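Asks: Have a look at this one before I ask anything.
The values are calculated or read from the model by the stated rules, or taken from the named source; none is laboratory data. Here the structure is a predicted model, which means the values were calculated and not measured. Counting neighbours? That spans all protein chains shown, and the Cβs are built from the backbone with ideal geometry, glycine included. These accessible areas exclude ligands, DNA and RNA; they are computed on the full protein's heavy atoms, side chains included. Shrake-Rupley method; radii C 1.70, N 1.55, O 1.52, S 1.80 Å.
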Amino acid sequence: MISLAVPAIYSLTSQFPSATTHARAPSRCACACVPGRQVAEQPLASMKAEQAAAAAGETPRFRWDTFGSAPSEPQWEAIRGLSPKLPNRCRALMARLVCLPPPDQDGDEDEETLGALLVFWVKAMKPKRTDWLLVLKELTAMESPLLAEVLEHALLEDSFEANVRDYTKLIHIYGKQKLLQKAEDAFHAMKSRGLPCDQVMLTALMDMYSKAGDLTRAKEIFNEIGLLGLPMDKRVYGSMIMAYIRADMLDKAEDMISEMGDQQIVAGKEVYKALLRAYSYKGDSEGAQRVFDAIQFAGIVPDTKLCALLVNAYCLADRINEAMIVTRNMRSARITPCNKCIALILGAYEKVNRLEGALAFLTELEENGVIIGQEPSQLLAGWLRRLGVVQEVEQVLKDLAVDRKNTLEVDRKKNLASDRKIKRRRSKSKRSFASSLQRK
């Protein structure tokens, strides 16, 4: 039997004098006190009595407000950061969990310590499902590496009242960590308990296999959803489309989007964006244009990021004129071309060594009120430096700046003159109105 005796050396409240409150009378349960609620230190006689009991082979009383070693400063900060609405039984467990070392991949010592702590907590505190959920919520908020182990232990406890969504959450955690075997074990454990396997659970599995690059298993799960008669909604199709995209089978992904359209199911924007990005990075301008048209046909308004992906596809395919047409269409739709779009087109012009075309493009943008940002400016400066015409261009830019300053000054004077005329008209109308009243 694992001994849970911990030398009573440190007290939580001795480190938090401001957090002490009036405590209730101590109960007769196995826990002596709760962190943050006990003020006095354990007397020396009590410590000697517990040590004598341990030497005699008896199981000493477990204290929740003591630690075997001094917690570090980050651990104290984590304990202070616990929710003030956390019940005492949950706060006691969280304080001990924070001070546990992260679990090792090869050793079992930490896992046994965690398991023994949870077993004793269940026996002493008699938690309900709400208590378990509060503990899991706190572990999720602090991104604790013990979250999966605590949830896995909670699924085995009757007080947790596990359901399908709890297993889905565990599989999702293991999927993010790419622990496929543990996720499969959790799935089989759920089925062995007789819990029904629904569409959300299978979609989580399919998404996990998709991210792991296992297209075969993802297709098997997709077919299983259809055979079980479960609803084939936007999430199911989206997960399968993402699996095809990650496997570089873009034609299959397009076919599935067409299949969704036949069933009047609209794919999500993130799915379209992933497919457009795949075509863009490959330099397939025709495929990128097809997906871009499908996005608009689905009623999704393109933003600057989607337009930049289309511009990138045309630039990689050396189709600069089409890329410029995209930027013009963006201005027509009142979408300002981003610096990324401008830099991509400048890079394409530099690739074919067409400086005049690049300058004409920049002039067109400035005439339409588009401000050239830092990224395209640095790219153009580097290009001109390599050509050795920096001084000439700087002189031209200075002249343009002087002309622009003079133009702005003229515009300012015109605006002042127009404002004065408006004020005179208003004052004249006021005088005429006042004079008419006086006449009457």
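Asks: So the check is Cβ under 7 Å with 6+ separation or different chains; which pairs have a first residue in region 129-140 that's closer than 18 Å to Asp158 by Cβ and of a type in the set (Asp, Glu) and a second one that's assigned to a helix (DSSP H, G or I) and open to solvent by 10 Å² or more (accessible area, probe 1.4 Å)?
Replies: Asp131/Arg89
Asks: Inspect all residues belonging to region 187-197 and state whether any of them is free of Cβ contacts under 8 Å to residues at least 40 places away in the same chain, farther than 22 Å from Ala243 by Cα and buried (at least 18 other Cβ atoms within 10 Å of the Cβ).
Replies: yes
Asks: Is it the case that some residue within region 390-398 is under 24 Å from Cys307 (Cα atoms) and either at pLDDT below 85 or open to solvent by 90 Å² or more (accessible area, probe 1.4 Å) (or both)? If you could, list the steps in order and put the result at the bottom.
Replies: Filtering region 390-398 down to residues under 24 Å from Cys307 (Cα atoms) leaves none.
No - not one qualifying residue is present in region 390-398.
Asks: Going residue by residue through region 117-130, is there one that turns out to be out of contact with any helix residue (DSSP H, G or I) (no Cβ under 9 Å at 6 or more places or on another chain), modelled with pLDDT under 85 and not small (Gly, Ala, Ser)?
Replies: no
Asks: Looking at Leu380, Leu387, which is the one that is at pLDDT below 90, surrounded by 10 or more Cβ atoms within 10 Å (Cβ to Cβ) and more than 30 Å from Ala278 (Cβ to Cβ)?
Replies: Being at pLDDT below 90, surrounded by 10 or more Cβ atoms within 10 Å (Cβ to Cβ) and more than 30 Å from Ala278 (Cβ to Cβ) holds for just one of Leu380, Leu387, which is Leu387.
Asks: Do you know which residues across region 135-158 are loosely packed, with under 14 Cβ neighbours inside 10 Å and touching a helix residue (DSSP H, G or I) at 6+ places or on another chain (Cβ under 8 Å)?
Replies: If the condition is that a residue be loosely packed, with under 14 Cβ neighbours inside 10 Å and touching a helix residue (DSSP H, G or I) at 6+ places or on another chain (Cβ under 8 Å), then Thr140 is the only one that fits.
Asks: How about region 136-181: which of its residues are touching a Cys at 6+ places or on another chain (Cβ under 8 Å) and under 25 Å from Ser210 (Cα atoms)? Let's see the steps before the verdict.
Replies: Going through region 136-181, the residues touching a Cys at 6+ places or on another chain (Cβ under 8 Å) turn out to be 138, 164.
Scanning region 136-181 gives a single hit, Val164.
Asks: Same structure again: So, in region 326-368, of the ones that are open to solvent by 60 Å² or more (accessible area, probe 1.4 Å) and in a loop (DSSP other than H, G, I, E, B), which residue ends up nearest to Leu387 (Cα to Cα)?
Replies: Asn353
Asks: For region 147-178, give me each residue that is without any contact (Cβ under 8 Å) to a residue 12 or more places away in the chain and more than 20 Å from Arg129 (Cα to Cα).
Replies: Once the filter is applied, which keeps residues that are without any contact (Cβ under 8 Å) to a residue 12 or more places away in the chain and more than 20 Å from Arg129 (Cα to Cα), region 147-178 yields only Lys176.
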